[in-house]
1. Quick one: is residue 52 under 25 Å from residue 149 (Cβ atoms), touching a helix residue (DSSP H, G or I) at 6+ places or on another chain (Cβ under 7 Å), surrounded by 19 or more Cβ atoms within 10 Å (Cβ to Cβ) and touching a residue at least 24 places away in the same chain (Cβ under 8 Å)?
2. Scan the range 228-254 for residues that are over 23 Å from residue 167 (Cβ atoms) and at pLDDT 90 or above and jot them down.
3. May I ask you to list the residues in the range 123-152 that are in a helix (DSSP H, G or I), crowded, with 20+ Cβ neighbours inside 10 Å and at pLDDT below 90?
4. Would a scan of the range 84-98 turn up a residue that is within 20 Å of the chain's Cα centre (by Cα), in contact (Cβ under 8 Å) with a residue 24 or more places away in the chain and closer than 20 Å to residue 191 by Cβ?
5. Just for the range 153-174: of the residues that are buried (at least 16 other Cβ atoms within 10 Å of the Cβ) and assigned to a helix (DSSP H, G or I), which one is farthest from the chain's Cα centre (by Cα)?
6. Looking only at the range 55-86, which residues are crowded, with 17+ Cβ neighbours inside 10 Å, closer than 16 Å to residue 154 by Cβ and in contact with a strand residue (DSSP E or B) (Cβ under 9 Å, 6 or more places away or on another chain)?
7. Of everything in the range 203-216, what is buried (at least 23 other Cβ atoms within 10 Å of the Cβ) and not in a helix (DSSP H, G or I)? Give them in sequence order.
């Protein structure tokens, strides 16, 4: 395993009513890659993602982040060290953009100077210079701008792992594609390990190094590159899942 990867070993999530969201999942997000989780609604994608930072507690099995079992760590401290981006961002409405990005550094006791420098660095990185955007409030931003702030906030303490749950789903289609490309560039520069849930196979093909196709119960039907999944579906389930999408394999860069 890469030093900043995520590993699932026989991971299960069963709820008290007997519902099995994830049966027995073996999966690895390698160091520095974007791994996209796709599949129909109710297949356990978000449950799988949220077990990494223990927003959902696994029932059995082992999940390791950067080589450490997540169940051996305090959940609050664990979450502060893992970036997390969700569809509706979750910015604090009464805090400025700069204050939102500085949230976790503040909780971890960073000095004011270090926090300010990191806020400036990240807002520049996501194309929202602090001089223009730092004092604005979330309601003064577009949906795409709020999502950029969410990404900046998630990266604030240089987390080795970034979890993204439908991260661009609330953005209009034109802004969404632009954000996708900008995020891909940022991730490539930073080398962060990303596990991303998306319902949009096109987004997975555009962004991911590998795609994990899940069926109900968190069953891993196929794991491979975008080209492998789209050109050589592993079985009828994957083929049927792809059938509703007019997807072409991502063209190699360069």
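1. Details: under 25 Å from residue 149 (Cβ atoms): yes; touching a helix residue (DSSP H, G or I) at 6+ places or on another chain (Cβ under 7 Å): yes; surrounded by 19 or more Cβ atoms within 10 Å (Cβ to Cβ): yes; touching a residue at least 24 places away in the same chain (Cβ under 8 Å): yes.
In short, yes.
2. If the condition is that a residue be over 23 Å from residue 167 (Cβ atoms) and at pLDDT 90 or above, then 228, 231, 232, 233, 234, 235, 236, 237, 238, 239, 240 are the ones that fit.
3. Hits for the range 123-152 are 145, 146, 147, 148, 150, 151, 152.
4. Checked the range 84-98: at least one residue is within 20 Å of the chain's Cα centre (by Cα), in contact (Cβ under 8 Å) with a residue 24 or more places away in the chain and closer than 20 Å to residue 191 by Cβ.
5. Per the stated criteria, the residue is 153.
6. Hits for the range 55-86 are 65, 78, 81, 82, 83, 84, 85, 86.
7. 208, 211, 212, 213, 214
Condition check ((1) modelled with pLDDT under 95; (2) out of contact with any helix residue (DSSP H, G or I) (no Cβ under 7 Å at 6 or more places or on another chain); (3) closer than 16 Å to residue 70 by Cβ; (4) surrounded by fewer than 19 Cβ atoms within 10 Å (Cβ to Cβ)) across all residues:
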site	(1), (2), (3), (4)
1	yes, yes, yes, yes
6	no, no, yes, no
10	no, yes, yes, yes
25	no, no, yes, no
28	no, yes, yes, yes
36	no, no, no, no
48	no, yes, yes, no
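The values are calculated or read from the model by the stated rules, or taken from the named source; none is laboratory data. Keep in mind that what you see is a predicted model, and the values were worked out from it rather than measured. Using ideal geometry, Cβ is built from the backbone for each residue, glycine included, and neighbour counts are taken over all protein chains shown.
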